[in-house]
1. How do the helices (runs of 4 or more DSSP H) wholly within the stretch 249-359 filter down when requiring 2 or more residues that are among the hydrophobic types (A, V, I, L, M, F, W, C) and over 23 Å from the mean Cα position of the chain (by Cα): which remain?
2. If you check every pair at least six apart or on different chains, which have Cβ atoms under 6 Å apart with a residue in the stretch 38-56 that is farther than 18 Å from Phe94 by Cβ first and a residue that is loosely packed, with under 10 Cβ neighbours inside 10 Å second?
3. Listed residues Leu25, Leu71; which is surrounded by 22 or more Cβ atoms within 10 Å (Cβ to Cβ), assigned by TED's automatic domain parsing to the domain that holds Cys119 and not acidic (Asp, Glu)?
4. Step by step: first the residues of the stretch 70-121, then only those that are among the hydroxyl-bearing types (Ser, Thr, Tyr) and in contact with a helix residue (DSSP H, G or I) (Cβ under 9 Å, 6 or more places away or on another chain), then the one that is nearest to Ala181 (Cα to Cα). Which residue is that?
5. Inside the stretch 21-56, can you point out the residues that are in contact with a Ser or Thr (Cβ under 9 Å, 6 or more places away or on another chain) and farther than 20 Å from Ile332 by Cβ?
6. Do we find a residue being touching a strand residue (DSSP E or B) at 6+ places or on another chain (Cβ under 8 Å), of a type outside the set (A, V, I, L, M, F, W, C), surrounded by 14 or more Cβ atoms within 10 Å (Cβ to Cβ) and in a loop (DSSP other than H, G, I, E, B) anywhere in the stretch 188-196?
Amino acid sequence: MQPLSGLLVLDFTTLLPGPLATLMLAEAGAEVIKIERPGGEDMRFFPPQVDGEAAAFALLNRGKEGLTLDLKSEADRDKLKPLIERADILVEQFRPGVMARLGLGYEDVAKLNPKLIYCSISGYGQSGPRADEAGHDLNYIGATGLLDLQPGPIDRPVVPPMLAADIAGGSFPAVINILLALRARDQSGQGCHLDIAMTDAMFTFAWYALALGTASGHFPKPGEMMLAGGSPRYQLYPAKDGKLVACGALEQKFWHAFAQAIELGTEYIDDRRDPKATRDAVAQLIATRTAEEWRPILAAADCCATIVTPLEEALRDPHFVARGLFAHEVAIGKGKTLPALPVPIAPQFRDTPRAKKAP
């Protein structure tokens with residue numbers, strides 16, 4: 001028996017934040033029914049396709065059931081009534097007010113099922129001056145000061161590879177608060193409406209910058225903060241072959257071990273005197289050898305310095321394989337499978353490893 005077995009989730013979401021949240025609920029045993037418009041949601045058409053099925057859609061919707069409804073049709077909305085009456089959780093990701101205009105807002109469905117936990121995921125929340133503003137992940141991290149902490153060189157700004165707002169601001173807070181709401185319902189017998197704004201949690205990610213700025217009055221400029229490129233101890237250094245060494249030698253013992261391993265000149269070890277000079281000296285040394293030449297040296301030093309690994313290599317890393325991160329499978333196409341998306345659900349709460357589930 002999984003911890004969420006017996007719970008019914010109605011999933012009105014598309015693309016990434018909501019589908020990932022309900023995927024985690026499904027992986028913990030909940031029955032998830034995904035409500036899609038006629039023709040299917042946009043993620044179904046993302047490349048690559050496997051026998052006409054989108055790999056991204058399959059990974060995010062493993063194990064869910066599907067129901068196609070035109071929510072603008074009263075007859076189709078009527079079909080939802082028996083599902084809403086027995087559902088435990090409803091997750092929606094429309095702009096604020098859309099579900100209410102369809103007669104499916106929290107006040108409407110709570111009359112049918114007062115125990116329902118109703119979770120709304122949006123960019124800026126259900127209230128406030130920016131509630132109706134369109135946006136995507138890059139807009140959300142840009143609006144909250146997070147992206148400004150390290151946008152990269154001004155002439156070559158870098159688009160972050162991680163969708164922090166979608167996942168860490170949408171999916172994860174949604175799951176956390178749904179689980180808290182289930183616990184609260186155990187105590188009160190009542191459901192509630194959860195307002196998850198993807199932008200809100202981006203201030204959580206700026207925790208250190210907030211501490212610096214609010215305590216000293218000086219908010220860090222781009223690239224100035226220790227953990228955002230301002231320190232030679234926490235930096236990316238290109239090796240001779242163009243691969244990167246990720247140095248995270250923050251603590252003094254790790255920094256000294258790193259400095260000794262790369263044979264850094266003693267005049268540069270005290271990086272408080274001239275951080276830029278130390279960073280340049282380290283960069284020159286790292287550039288004298290290839291990543292594979294540095295790998296055993298840094299490993300032996302045990303100094304929080306590692307080689308940046310491409311994703312296809314990380315998938316083969318014996319450590320991650322041994323941890324069982326890729327032990328589950330999603331069925332796709334005509335008898336084919338892909339590794340299921342790793343999700344932060346403890347193994348004892350998931351289904352049997354190697355189980356194949358289709359979206």
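1. Working: elements: 252-262, 266-269, 275-286, 291-301, 311-314, 318-322.
Filter on the stretch 249-359 gives 252-262, 275-286, 291-301.
2. Asp51/Lys334; Ala55/Pro48
3. Values: Leu71 fails: surrounded by 22 or more Cβ atoms within 10 Å (Cβ to Cβ).
Criteria check complete, one pass: Leu25.
4. Here the residue is Tyr118.
5. Selection gives Ala21, Ala28, Gly29, Ala30, Glu31, Ile35, Arg37, Pro38.
6. Initial filter on the stretch 188-196 (touching a strand residue (DSSP E or B) at 6+ places or on another chain (Cβ under 8 Å)): 191-196.
Checking which are of a type outside the set (A, V, I, L, M, F, W, C) leaves us with 191, 193, 195.
In the following step, the residues that additionally are surrounded by 14 or more Cβ atoms within 10 Å (Cβ to Cβ) were identified as 191, 193, 195.
Subset that is in a loop (DSSP other than H, G, I, E, B): 191.
Yes, there is a match, as at least one residue in the stretch 188-196 is touching a strand residue (DSSP E or B) at 6+ places or on another chain (Cβ under 8 Å), of a type outside the set (A, V, I, L, M, F, W, C), surrounded by 14 or more Cβ atoms within 10 Å (Cβ to Cβ) and in a loop (DSSP other than H, G, I, E, B).
The values are calculated or read from the model by the stated rules, or taken from the named source; none is laboratory data. Computed from a prediction, not measured in an experiment: that's the story for all the values here. Every residue, glycine among them, receives a Cβ derived from its backbone with ideal geometry; neighbour counts consider all protein chains shown.
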